[in-house]
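Report on the following structure.
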Amino acid sequence: MAYTFFYVQVAIEASPYDGLRRQLHDLFVNSAPEQSLADKRMFYKRLVTLLGEARGRFRFGDWDLLRKANANEEFDSWCAELEQAGATSTQSAEPQKDLSPGLQHVVVTVLILAVRGGSSDDTLGDRCDLQDPDYFTVDTFARLIDTLPMLTFASIKADAVYLQPGQSDEGWTTGELRSADWDYLKPLTGL
């Protein structure tokens with residue numbers, strides 16, 4: 001069977017005291033690893049609501065829609081790398097990473113493996129059909145994130161959502177997000 005891999009990753013400015021980190025952390029750790037289709041839709045609606053409220057604080061991001069033969073390997077590779085990095089997930093345990101306090105960003109990553117030709121694949125294709133100058137704007141990332149509850153999860157083979165760092169009182173500095181580990185993240189325009 002052929003699949004489409006979609007990911008969106010956004011770095012959000014979030015001080016340790018503003019509540020967003022705690023709300024995201026609580027959403028992740030209180031979600032069951034195995035969810036019904038209705039539970040999954042509710043999870044994504046809550047996630048989109050939280051991220052929508054933080055839209056003005058989106059600072060860096062990356063996304064792609066890959067319709068290629070090894071889409072499932074791309075999905076598995078992303079999951080393995082994020083779990084190795086200690087991200088909190090709807091599918092993994094608490095992180096092992098020890099970061100310095102008082103940092104300024106959290107990173108949310110959503111990974112979707114959709115059945116090629118299914119309704120979710122079509123929805124993703126329509127929503128990702130953008131012109132090059134629009135690829136890395138706050139509005140584009142809001143649009144991509146708003147797509148998540150529109151998906152038909154019966155046509156999704158796998159999905160995963162990660163929060164980095166995984167502790168509610170930790171974050172990444174701008175300098176760390178500009179390092180070689182994060183060099184693929186692009187600054188978002190339209191703030």
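The values are calculated or read from the model by the stated rules, or taken from the named source; none is laboratory data. This structure is a prediction, so every number in the text was calculated from the model and none was measured. For neighbour counting, all protein chains shown are included, and Cβ atoms are generated from backbone atoms with ideal geometry for every residue, glycine included.
Can you name the condition, by its number, that Q167 falls short on among (1) at pLDDT below 95; (2) within 15 Å of V10 (Cα to Cα)?
It fails just one condition, (2).
Please count how many residues of region 3-29 are surrounded by fewer than 20 Cβ atoms within 10 Å (Cβ to Cβ) and over 16 Å from the mean Cα position of the chain (by Cα).
Here the count works out to 6.
Would you mind listing the helices (runs of 4 or more DSSP H) fully within region 60-155 where at least 3 residues are modelled with pLDDT under 95, more than 20 Å from K45 (Cβ to Cβ) and of a type in the set (A, V, I, L, M, F, W, C)?
In region 60-155, the matching helices (runs of 4 or more DSSP H) lie at 71-84.
Does region 3-10 contain at least one residue that is within 22 Å of A154 (Cβ to Cβ), aromatic (F, W, Y), assigned to a helix (DSSP H, G or I) and at pLDDT 85 or above?
no
Can you find, within region 143-159, the residue that is nearest to the chain's Cα centre (by Cα) among those that are farther than 11 Å from I112 by Cβ and not acidic (D, E)?
I145
Can you pull out every residue in region 107-141 that is of a type in the set (A, V, I, L, M), over 18 Å from N72 (Cα atoms) and surrounded by 18 or more Cβ atoms within 10 Å (Cβ to Cβ)? Quick ask: steps written out before the conclusion?
Going residue by residue through region 107-141, those that are of a type in the set (A, V, I, L, M) are 107-108, 110-115, 124, 130, 138.
After this cut, where a residue has to be over 18 Å from N72 (Cα atoms) as well, the list is 107-108, 130, 138.
Across region 107-141, the qualifying residues are V107, V108, V138.
Among residues belonging to region 6-56 that are among the acidic types (D, E) and without any contact (Cβ under 8 Å) to a residue 60 or more places away in the chain, point out the one that is nearest to P149 (Cα to Cα). So that I can check it myself, show each step before the final result.
Filtering region 6-56 for residues among the acidic types (D, E) gives 13, 18, 26, 34, 39, 53.
Right, trim to without any contact (Cβ under 8 Å) to a residue 60 or more places away in the chain and you get 18, 34, 39, 53.
Values: D18: 25, E34: 17, D39: 11, E53: 16 Å.
Checked region 6-56; the qualifying residue nearest to P149 (Cα to Cα) is D39.
Please work out which residue is surrounded by the fewest Cβ atoms within 10 Å (Cβ to Cβ), limiting yourself to region 156-189 and to residues that are among the hydrophobic types (A, V, I, L, M, F, W, C) and either part of a strand (DSSP E or B) or in contact with a Leu (Cβ under 7 Å, 6 or more places away or on another chain) (or both). Full working, then the answer.
Narrowing region 156-189 to residues among the hydrophobic types (A, V, I, L, M, F, W, C): 156, 158, 160-161, 163, 172, 177, 180, 182, 185, 188.
Next cut, either part of a strand (DSSP E or B) or in contact with a Leu (Cβ under 7 Å, 6 or more places away or on another chain) (or both) only: 156, 158, 160-161, 163, 172, 177, 185.
On the way: I156: 22, A158: 15, A160: 21, V161: 23, L163: 24, W172: 23, L177: 20, L185: 18.
So, considering only residues that are among the hydrophobic types (A, V, I, L, M, F, W, C) and either part of a strand (DSSP E or B) or in contact with a Leu (Cβ under 7 Å, 6 or more places away or on another chain) (or both), the one surrounded by the fewest Cβ atoms within 10 Å (Cβ to Cβ) is A158.
Are any residues in region 30-85 surrounded by 12 or more Cβ atoms within 10 Å (Cβ to Cβ), of a type in the set (S, T, N, Q) and out of contact with any helix residue (DSSP H, G or I) (no Cβ under 8 Å at 6 or more places or on another chain), and if so, which ones?
Scanning region 30-85 gives T49, N70, N72, S77.
Could you please let me know if D146 is free of Cβ contacts under 8 Å to residues at least 60 places away in the same chain, over 15 Å from V107 (Cβ atoms) and either surrounded by fewer than 20 Cβ atoms within 10 Å (Cβ to Cβ) or out of contact with any strand residue (DSSP E or B) (no Cβ under 7 Å at 6 or more places or on another chain) (or both)?
Spelling it out, it is not the case that D146 is free of Cβ contacts under 8 Å to residues at least 60 places away in the same chain, over 15 Å from V107 (Cβ atoms) and either surrounded by fewer than 20 Cβ atoms within 10 Å (Cβ to Cβ) or out of contact with any strand residue (DSSP E or B) (no Cβ under 7 Å at 6 or more places or on another chain) (or both).
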